[in-house]
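Notes follow once the structure below has been shown.
No lab work stands behind these numbers, since they all come straight from the coordinates. Model, not experiment: these values are computed from the prediction. FYI the Cβ positions are ideal-geometry reconstructions off the backbone, even for glycines, and counts take in every protein chain you see.
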Amino acid sequence: MRILKTRDYDHMSRQAANIISAQVILNPESVLGLATGSSPVGTYRQLIAWYKKGDLDFSKVKTVNLDEYVGLAPDDIQSYQHFMKINLFDQINIDPSNTHVPIGVNPDADAECARYDALIKSLGGIDLQLLGLGPNGHIGFNEPDTCFTKGTHQTALAEETLTANRRFFKPAENMPRFAYTMGVCDIMQARRVLMVVSGEAKAAIVREAFFGPVTPQVPASILQLHKSFTLVADEAALSKI
Ligand code: F6R
């Protein structure tokens, strides 16, 4: 595990974007695993800026997103598919057919999850997986549990996750309670994992996840065992270690 300490959110975002840029420059056909939420937005903004300067080419890059809310259609403005379009895909030269997000409106959970895992396999696996850290230590929507999950599956969102993410829904009661998410095994099989964490509110969970025992009660803790895991976090997020 490598920890890069940054001054603040913007510095964290530039450092993470540097790592992703290097990946794309060295392998223009990279498969990138992507995340949503507030943590990676600055990273995406920086990648867009470098693309617009002519320094990055995404034309052969493929992406697989971590998760999607069950019941939300791709064009729903609250969906993660829409989030990715707005925050990244529509502003770079990626081929939309090379971008993948679980289909939240597929009512057959088993079929959708099996399809998604087969898709990741058919792409040759993930070269670099970008992650945020949930307030309860979740990665993707792998919530605290008694064992680590394997592949893509349907999950019931934990109370803490519902509380943290309700701010994105209007009205708040519209927030779905279930999601399709890649499993811990999918994430651990990525060749490199990069996590971005910012702010004092995450300091306690950063300490638990990366300086405490490896336990499914704190899903991110398993990343301590990944052979190429980089945590890019700002001073506030690292203030308790
Ligand atoms: C998002 C995801 C989640 C978030 C996490 C942190 O695709 O899978 O694990 O990364 O909930 O969210 P933010 O960045 O909003 O604090």
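Can you tell me which residues in region 32-65 are among the aromatic types (Phe, Trp, Tyr) and either over 13 Å from residue 130 (Cα atoms) or assigned to a strand (DSSP E or B) (or both)? 50, 51, 58, listed by residue number.
From the list 116, 80, 69, pick out the single residue that is hydroxyl-bearing (Ser, Thr, Tyr) and farther than 19 Å from residue 167 by Cβ. Unique residue meeting the criteria: 116. Within region 28-70, the residues that satisfy the criterion of being within 12 Å of the ligand (Cβ to nearest atom) and farther than 25 Å from residue 125 by Cα are 38, 42.
Filtering region 102-119 to residues that are in contact with a helix residue (DSSP H, G or I) (Cβ under 6 Å, 6 or more places away or on another chain) and either closer than 13 Å to residue 182 by Cβ or part of a helix (DSSP H, G or I) (or both) leaves only 102.
With respect to being away from the ligand (no atom under 15 Å from the Cβ) and either touching a Ser or Thr at 6+ places or on another chain (Cβ under 8 Å) or of a type in the set (S, T, N, Q) (or both), residue 73 fits the description. The conditions of being within 13 Å of the ligand (Cβ to nearest atom), under 27 Å from residue 220 (Cβ atoms), of a type outside the set (D, E, K, R) and free of Cβ contacts under 8 Å to residues at least 60 places away in the same chain are met by residue 80.
Selection of region 22-43 for residues being farther than 12 Å from residue 196 by Cα and crowded, with 18+ Cβ neighbours inside 10 Å yields 23, 24, 30, 31, 32, 33.
One residue stands out in region 93-126 among those that are in contact (Cβ under 8 Å) with a residue 12 or more places away in the chain and among the hydroxyl-bearing types (Ser, Thr, Tyr): the one that is surrounded by the fewest Cβ atoms within 10 Å (Cβ to Cβ), namely 99.
Checking residue 90 against (1) touching a residue at least 60 places away in the same chain (Cβ under 8 Å); (2) away from the ligand (no atom under 16 Å from the Cβ), which test does it fail? That leaves (1) as the condition not met. In region 96-126, the qualifying residues are those that are away from the ligand (no atom under 13 Å from the Cβ) and among the small types (Gly, Ala, Ser), and the one that is nearest to residue 191 (Cα to Cα) is 125.
What is the number of the single condition among (1) over 23 Å from residue 210 (Cβ atoms); (2) away from the ligand (no atom under 16 Å from the Cβ); (3) among the basic types (Lys, Arg) that residue 2 does not meet? Residue 2 satisfies all of (1) over 23 Å from residue 210 (Cβ atoms); (2) away from the ligand (no atom under 16 Å from the Cβ); (3) among the basic types (Lys, Arg) except (1).
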